[in-house]
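S.K.: Shown below is the structure under consideration.
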Amino acid sequence: MITISELCIAPAPSRHRGTGRIASGQLDQTGAHAERDDAANRKNNLVMKTISVSTLIVAATSSAPACDLCSIYSTAQARGEIGKGFFAGVAEQFTHFGTLQNESRKVPNEVGQYLNSSVWQVFGGYNFNDRFGLQLNVPVIYRSFKRPEGFELDRGTESGIGDSALIGHFQVYRRETKKFTFSWTLLGGIKFPTGRTDRLREEFNENEIPDAPESGIHGHDLTLGSGSYDGIAGRGIFLRSRRCFLTASAQYAIRRKGDFDYRFADDLTWAGGPGLFLVLKDQYTLALQLNVTGEHKDRDTFQGEKAADTGVTAVYLGPQITLTWSDELCAERGLDLPVSIENTALQAVPDYRVRAGLTWHF
């Protein structure tokens, strides 16, 4: 669902107020120093809004519900992590699955099967203070696909609400000066079974027909939900020195058995990489980051048996650009390209992912 995520958070550094102006219209010495400190603090505020310290909107395996869960757009990615008040926003990840791999090796896609998955995360929350906040994520999913069914082609779509999640975050440690910032954040939450699971019924009827093309897209790829209450835990760090910065985050999904006796495997996602502030103004910032994201998931379990075509370990690399404006608005756009995908059995694997997000803090 995730990504949670490489977006923006905002600290709440203390601000100093000037003593006013003297009769000649010039600032007195105390006021001048205070205004310079105030400008520096505003700049640090905008700096931190550009970077996420936890898991982002990344996700990316052939297992759709795992992907939806890990693309959780948490507060830590969306700027509301620090600073009391309400926030809301929307994020989207589009993934194109058009390549077939059998045991990590590319094989011909003879019938042109594909899966296009678009996951929109609508979220809102409240930060109670400078360290702790809660957020509710509601995914809206649309998928289109083409796959072989025997000697016929099956084309269709699947859309609706996915599994929602309630996420809490806590900033354990933070140190900040004009030229240096370090923060460490923890997050945790619960995923609720709000998405439809009727596609999982297909797992009962997966029988291969001799000489017919084999499908790399199955019910566990198309389902909108898992039917289970799952746990979410994660952490992230952010390090800045002048205009350079580094992020690192990880999220772990603890899965339980859901509908139709199907259990998605626990899922580990990670994200991070170096970045540079191209523009660093008091009113706005523009940052460019090189992201390394990835996921590891073992095989799912169906009726007590391991599902052969569900294990995956994937690593992606790509750029992300983030823009902040004032203390309220943050927008980001990113591209993920696979550099390594290891999978079990035959699966349709991602060719690319495109991410975008917009957050408003009230």
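Readers should treat all values here as calculations from the given coordinates under stated rules, not as data from a laboratory. Keep in mind that this is a model prediction, so the values were computed, not measured. Cβ placement follows ideal geometry from the backbone for every residue including glycine, while neighbour counts extend to all protein chains displayed.
S.K.: Consider G227 carefully, then state whether it is part of a loop (DSSP other than H, G, I, E, B), in contact with a Ser or Thr (Cβ under 9 Å, 6 or more places away or on another chain) and over 22 Å from L134 (Cβ atoms).
M.R.: Yes; evaluated as a whole, the condition is true for this residue.
S.K.: Counting only residues that are of a type in the set (S, T, Y) and either over 24 Å from the mean Cα position of the chain (by Cα) or crowded, with 23+ Cβ neighbours inside 10 Å (or both), how many does the range 272-315 have?
M.R.: Going through the range 272-315 one residue at a time, the tally reaches 4.
S.K.: Looking at S215 and the list (1) among the polar types (S, T, N, Q); (2) outside any strand (DSSP E or B); (3) under 21 Å from the mean Cα position of the chain (by Cα), which single condition is not satisfied?
M.R.: (3)
S.K.: Scan the range 110-135 for residues that are surrounded by fewer than 19 Cβ atoms within 10 Å (Cβ to Cβ), of a type in the set (A, V, I, L, M) and touching a Phe, Trp or Tyr at 6+ places or on another chain (Cβ under 7 Å) and jot them down.
M.R.: L134
S.K.: Ok, one more. Before we move on, is P148 out of contact with any strand residue (DSSP E or B) (no Cβ under 6 Å at 6 or more places or on another chain), in contact (Cβ under 8 Å) with a residue 12 or more places away in the chain and part of a strand (DSSP E or B)?
M.R.: Against the criterion (out of contact with any strand residue (DSSP E or B) (no Cβ under 6 Å at 6 or more places or on another chain), in contact (Cβ under 8 Å) with a residue 12 or more places away in the chain and part of a strand (DSSP E or B)), P148 qualifies.
S.K.: Taking the conditions exactly as written (surrounded by fewer than 22 Cβ atoms within 10 Å (Cβ to Cβ), in contact (Cβ under 8 Å) with a residue 24 or more places away in the chain, part of a strand (DSSP E or B) and over 15 Å from the mean Cα position of the chain (by Cα)), does L268 satisfy them or not?
M.R.: no
S.K.: In this structure, is R355 basic (K, R), surrounded by 15 or more Cβ atoms within 10 Å (Cβ to Cβ) and either free of Cβ contacts under 8 Å to residues at least 60 places away in the same chain or part of a strand (DSSP E or B) (or both)?
M.R.: So R355 passes the test.
S.K.: Right, next: If you go through the range 290-330 one residue at a time, how many are part of a helix (DSSP H, G or I) and either farther than 24 Å from Q101 by Cα or not aliphatic (A, V, I, L, M) (or both)?
M.R.: Matching residues across the range 290-330 total 2.
S.K.: When you scan the range 156-169, do you find a residue that is under 26 Å from V354 (Cβ atoms), in contact with a Ser or Thr (Cβ under 7 Å, 6 or more places away or on another chain), free of Cβ contacts under 8 Å to residues at least 24 places away in the same chain and surrounded by fewer than 16 Cβ atoms within 10 Å (Cβ to Cβ), even just one?
M.R.: yes
A quick yes/no check of all residues on (1) closer than 23 Å to L115 by Cβ; (2) of a type in the set (A, V, I, L, M, F, W, C); (3) touching a residue at least 40 places away in the same chain (Cβ under 8 Å):
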{"position": "D211", "(1), (2), (3)": "no, no, no"}
{"position": "G216", "(1), (2), (3)": "yes, no, yes"}
{"position": "T223", "(1), (2), (3)": "yes, no, yes"}
{"position": "A233", "(1), (2), (3)": "no, yes, yes"}
{"position": "F238", "(1), (2), (3)": "no, yes, yes"}
{"position": "F245", "(1), (2), (3)": "no, yes, yes"}
{"position": "D300", "(1), (2), (3)": "yes, no, yes"}
{"position": "Y316", "(1), (2), (3)": "yes, no, yes"}
{"position": "Q320", "(1), (2), (3)": "no, no, yes"}
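S.K.: Considering only the range 194-212, state which residues are in a helix (DSSP H, G or I) and over 19 Å from E305 (Cα atoms).
M.R.: Correct list: D198 only.
S.K.: One residue is enough: does the range 236-252 have a residue meeting the conditions touching a Ser or Thr at 6+ places or on another chain (Cβ under 7 Å), surrounded by fewer than 16 Cβ atoms within 10 Å (Cβ to Cβ) and of a type outside the set (A, V, I, L, M)?
M.R.: Within the range 236-252, not a single residue is touching a Ser or Thr at 6+ places or on another chain (Cβ under 7 Å), surrounded by fewer than 16 Cβ atoms within 10 Å (Cβ to Cβ) and of a type outside the set (A, V, I, L, M).
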